[in-house]
1. How do His402, His11 stack up against each other in accessible area, from largest to smallest, with a 1.4 angstrom probe?
2. Per residue of the range 74-89, in order, report the coupling 6.51 cos²θ - 1.76 cosθ + 1.60 (Karplus, θ = phi - 60°) as ³J(HN,Hα) in whole Hz, putting x for Gly and Pro.
3. Measure off 7 Å from each Cα along the Cα-to-Cβ vector at Glu341 and Arg253, then give the distance between these two points in nanometres to one decimal.
4. Based on alpha-carbon centroids, what's the gap between the range 2-51 and the range 277-331 in Å, whole number please?
5. Of Thr32, Met401, Leu132, whose Cα points farthest to the positive end of the dipole of the chain (charges on the beta-carbon: +1 Lys, Arg; -1 Asp, Glu; origin at the Cα centre)?
6. Which of Thr286, Ser19, His388 sits farthest toward the positive end of the charge dipole of the chain, with +1 on the Cβ of Lys and Arg and -1 on the Cβ of Asp and Glu?
7. Counting Lys +1, Arg +1, Asp -1, Glu -1, what net charge surrounds Ile373 among other residues with beta carbon under 11 Å of its beta carbon?
8. Please figure out what share of the DSSP beta bridges in the range 265-381 is antiparallel and state it in percent, rounded to the nearest 5.
Amino acid sequence: MGRYFIDLTPHVALTVARSADREGNLYMGPNTEDSPAVIEATAFKGGIVVAQVNEMVDKLPRVDIAGDRVDFVTVSPHPFYVEPLFTRDPASITETQILAGMMAIKGVYAEYGVRRLNHGIGYNTAAIELLLPTYAEKLGLKGKIATHWALNPHPTLIPAIESGWVTQIHSFGSEVGMDEYMRARPDIYFTGRDGSMSSNRMFCQVAGLYATDLFIGSTLQIDLQGNSSTVTQERVAGFGGAPNMGSDARGRRHPSDPWLKAGREADERRGKTVRGRKLVVQLVETFSEKMVPAFVETLDSIALADKLNLELAPIMIYGDDVTHIVTEEGIANLLLCRSPEEREQAIRGVAGFTDVGRARDPNMVSTLRKRKIVQWPEDLGINPLDAHRSMLAARSIKDLMHWSKNLYNPPGKFRNW
């Protein structure tokens, strides 16, 4: 988005909106997202802005884009389609994901007192959201963790909102079916005077980079340096906001307890000149679908870069930004590693029965456990047998509807009743 204003300024911008008035003003509702940045760069460098709208009206609920920045408006015969990207059915969350979520809550969130955070998309983070009103509540963590969010309107966060866990959420964009629920919770979401939520991806990316203390998300592959990517031999997937959310903002200067604690762990020798660190957590299962290992000696993206002669390998999050890796086997705190060998063995120590995990040095991993660099469930006082679906605050989409007092209106593809 920054390059729109430097060397990738568009000549033509195509956008969609819910409605427009006769002056060309646009109302986008909760899905404003990237549009203000794209249109701003185009309109003020002599470009052309074309808007497709669902309807023309005499008066808009609010103006998201001023008409003097729009050159052409066309009314579509069909409403534009929005894919429900952030909805995860609680019925699909596994006990393995619940165990990893319990460890993340107790071993990272509680350990650092993380209140300002961002979750990536996935069943792993959905499990954490549904464990907040249950498992985290029993740990006495309400009001101490996970209060302020940079996050799309995840339906799986509804129970935590309704239980009083969440103070505020700023969103990159919206999610299908969440409009009426967000309208009913202006205390949580950023809603306009018309009652609908407003989103701005550029603002939320800045908030996620500089104003949050933790990013946690999933990936498909992690190597022995902690580099991760969703590019594999069978699949080339986009990274979304992960490279930004999952990086340390070195220009940040405002302190917080989690940020300072992570900085001290990363460099215990700097004393008064210690630099804080953002917590960047990769939450993965040791084996993904079809028993494909998540831990590898070398990322597939490196081979792809060689094959295509790319100057930059498609790495999603660089290992030097990653502070923790959480699997169903345990937590590797990479901040505490003092050598490349320790870092490698810490990663192997939570890689389970993958080839990477089986190649661990048992004696060195044992030493790392004593130093709490590697923590297995028993080290955290967690019994894996306690990881049961009954711990989830909601176990189906219908449960989420009940939590929302039926304001959440899930898309048809998620309705199995």
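1. Numbers: His402 115, His11 150 Å².
Ranking His402, His11 by accessible area, largest first, yields His11, His402.
2. Listing the rounded values in order: 10, 8, 7, x, 10, x, 5, 9, 10, 7, x, 7, 10, 8, 10, 6 Hz.
3. Between Glu341 and Arg253, the label points sit 4.1 nm apart.
4. The range 2-51 and the range 277-331 have Cα centres separated by 35 Å.
5. Leu132
6. Ranked along the dipole, the leading option is His388.
7. Numbers: positive: Arg338, Arg343, Arg369, Lys370, Arg371, Lys372; negative: Glu265, Glu342, Asp379.
Value of the local net charge: +3.
8. Details: 7 of 10 bridges.
That works out to approximately 70 percent antiparallel.
The values are calculated or read from the model by the stated rules, or taken from the named source; none is laboratory data. None of the values given here were measured: they were computed from a predicted structure. Backbone-built Cβ (ideal geometry, glycine too); neighbour counts: all protein chains shown. Calculation scope for accessible area: heavy atoms of the full protein, side chains included, ligands and nucleic acids excluded. Shrake-Rupley method; radii C 1.70, N 1.55, O 1.52, S 1.80 Å.
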